[in-house]
């Protein structure tokens, strides 16, 4: 796209959308930079699809503004869609025609030339999809592949992918994630909505977490993880009640889980590691494992699951 | 203003997309054309040759017809019922009298499904995510429907022509047979656009089809009975079927045709405006909850 190259790929400002009395988006703000893979995390019903559909002018927001590739989707939706590839969360296609006919129709709508046709063929081969099959004879995963090809075949500047790996087998999931990475390498921006956290962690440069229509966290995937407490698993040679009490007394150390024989402790270390090491040194330690939490744990923490788990863990200890 | 200009003035690129949508939609309606067109054609081929039998038995049938009570007579043409003994009258009363009901139902179902069916199936969402405007999609679908309806009517006309050729005592040029079909077209188009406009504001496609279907049947009953019951004349003005000319072979009137056409254009404009303003649904969400039906 030539105009306003300096604009972010997506700029969402105070976006609100309701369906009747249900408030799906509660004034969200979001900036997606050009050339990045942006993960949009949230469980079902959090507002991910609503946000994407506002970006393509499929639905109209109640308040706020959206700018996609420097254009307002409401005033010029065709120009926005021209440069976007979209994969809906629940892809539905005309059942009575062949894959080839669907792709040809969509290619023609895009005004895509021979290159687009060749690329669609290449992608079909890569995703192992028979383009002669009728849509009604395809499995869910194969239908998803049709949507993926339609989204990628014209090499768009912006890819809006809503749960792109849904229904795909693990091998094809990897291929799709590869395609996402390749698109980024070629300069495209990818807006990637998912609740499969591992894949977002694998490809996303930055992540936003949406919860009940509100953005609760935005940041670089790596900093989101590095800013978090360490996880630690300590194995002792013998069970000592004294030791557990001593550890719990330390500030910033959370006792996450204690094994049934009392020898293994799982800890979350959000304070001084040094204090903990000194306490542990007083006992016979067999092994120590440490690591950062993965995105799934970060994500769950926003949904109160960790707290709930802690609560249950403590109850178990009592 | 800019949006309005964009809506009515399309460049080559926009026209091309409109053409693609129209062509694709028309291709999808091939089975509907066959499903509605062939029976309509057969109806003409089978029904019209019966005129020879009616003409032969006129002396026995005429007294029966004359002695019918006005209410009963209203269902077979009212004061015009005796024209069944003329070739034009027979075609009008035994063939064209029922067509607006049959094709009115077709129009109601097709019009309500023109956009809302794909919307409820979640297909429209994906198509509209491509660089095509709502206007191009809307007009593409409308023109495709108009072409499909023309094909169905064309097949019906062909059947009527064959039927007339088979009947020994009939001799009409093809153009004269086409005149009532112009009126059939206008009425069907009206019901299609009415249900299309409804589908843009009621919560589901089925409710739009249902309301439009009720209008077809209610309109038929009111228009028919108004020939026998005086008080109904005032209501019949609002029935689209009052403007239908089953007897157009005896003289086509342009005024009722234009009235119907203009109202249809208003409905189309309302439907287009509604489609432009609303959210695109991804399923058959929405609905009216009746207080006595739970669940």
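The values are calculated or read from the model by the stated rules, or taken from the named source; none is laboratory data. Note that the structure is predicted; figures quoted are calculated from it, not measured. Virtual Cβ from ideal backbone geometry, glycine too; neighbours counted across all protein chains shown.
Mind listing just one residue for me: the one in the range A:13-44 that is in a loop (DSSP other than H, G, I, E, B) and free of Cβ contacts under 8 Å to residues at least 12 places away in the same chain and, of those, nearest to the other protein chains (Cβ to nearest Cβ)?
Applying the filter and picking the extreme gives A:20.
Only residues that are within 10 Å of the chain's Cα centre (by Cα) and free of Cβ contacts under 8 Å to residues at least 40 places away in the same chain: list them for the range B:168-191, please.
Selection gives B:185 alone.
Got a sec? Which helices (runs of 4 or more DSSP H) wholly within the range A:207-286 have at least 3 residues that are over 32 Å from the mean Cα position of the chain (by Cα)?
A:241-249, A:273-280
Do you know which residues across the range B:11-29 are in contact with a helix residue (DSSP H, G or I) (Cβ under 7 Å, 6 or more places away or on another chain), part of a helix (DSSP H, G or I), within 14 Å of residue B:142 (Cα to Cα) and more than 7 Å from every other protein chain (Cβ to nearest Cβ)?
B:18, B:21, B:22, B:25, B:26 - these are the residues of the range B:11-29 that are in contact with a helix residue (DSSP H, G or I) (Cβ under 7 Å, 6 or more places away or on another chain), part of a helix (DSSP H, G or I), within 14 Å of residue B:142 (Cα to Cα) and more than 7 Å from every other protein chain (Cβ to nearest Cβ).
Would you say residue A:88 is in contact (Cβ under 8 Å) with a residue 40 or more places away in the chain, in contact with a strand residue (DSSP E or B) (Cβ under 6 Å, 6 or more places away or on another chain) and within 15 Å of residue A:151 (Cβ to Cβ)?
yes
List the number of the failed condition for residue A:190; all other conditions in (1) over 27 Å from residue A:67 (Cα atoms); (2) touching a helix residue (DSSP H, G or I) at 6+ places or on another chain (Cβ under 9 Å) hold.
The one condition residue A:190 does not meet is (1).
Can you tell me how many residues within the range A:43-57 are crowded, with 23+ Cβ neighbours inside 10 Å and touching a helix residue (DSSP H, G or I) at 6+ places or on another chain (Cβ under 9 Å)?
Final tally of qualifying residues: 3.
Tell me whether the range A:171-184 contains one or more residues that are in a loop (DSSP other than H, G, I, E, B), at pLDDT 90 or above and either over 14 Å from the mean Cα position of the chain (by Cα) or in the same structural domain as residue A:8 (by TED's automatic domain parsing) (or both).
no
So which residues in the range B:32-85 are surrounded by 17 or more Cβ atoms within 10 Å (Cβ to Cβ) and outside any helix (DSSP H, G or I), if there are any at all?
Within the range B:32-85, just B:77 meets the criteria.
Please find, within the range B:92-137, the residue that is surrounded by the most Cβ atoms within 10 Å (Cβ to Cβ) out of those that are in contact with a strand residue (DSSP E or B) (Cβ under 9 Å, 6 or more places away or on another chain) and not in a helix (DSSP H, G or I).
B:129
Which residue out of A:205, A:125 is out of contact with any helix residue (DSSP H, G or I) (no Cβ under 6 Å at 6 or more places or on another chain), more than 24 Å from residue A:56 (Cα to Cα) and in the same structural domain as residue A:86 (by TED's automatic domain parsing)?
One residue alone meets the criteria, A:125.
Those residues that are under 15 Å from residue A:40 (Cα atoms) and not in a helix (DSSP H, G or I), I need them from the range A:185-202; list them, please.
Passing the criteria: A:189, A:190, A:191, A:192, A:193, A:194, A:195, A:196.
Hand me the list of helices (runs of 4 or more DSSP H) wholly inside the range B:169-267 holding 2 or more residues that are within 23 Å of residue B:150 (Cα to Cα).
In the range B:169-267, B:174-199, B:205-225 are the helices (runs of 4 or more DSSP H) which contain 2 or more residues that are within 23 Å of residue B:150 (Cα to Cα).
Condition check: under 30 Å from residue B:134 (Cα atoms) and at pLDDT 95 or above. Does residue B:208 satisfy that?
Spelling it out, it is not the case that residue B:208 is under 30 Å from residue B:134 (Cα atoms) and at pLDDT 95 or above.
Filtering the range A:45-57 down to residues that are part of a loop (DSSP other than H, G, I, E, B) and within 14 Å of chain B (Cβ to nearest Cβ), which residue is nearest to residue A:186 (Cα to Cα)?
A:56
Can residue B:140 be described as assigned to a helix (DSSP H, G or I), surrounded by 21 or more Cβ atoms within 10 Å (Cβ to Cβ), within 13 Å of chain A (Cβ to nearest Cβ) and touching a helix residue (DSSP H, G or I) at 6+ places or on another chain (Cβ under 7 Å)?
When the stated conditions are applied, residue B:140 passes them.
Give me the helices (runs of 4 or more DSSP H) completely within the range A:58-169, filtered to those with at least 1 residues that are surrounded by fewer than 15 Cβ atoms within 10 Å (Cβ to Cβ) and more than 9 Å from chain B (Cβ to nearest Cβ), ordered by residue number.
A:114-126, A:140-152
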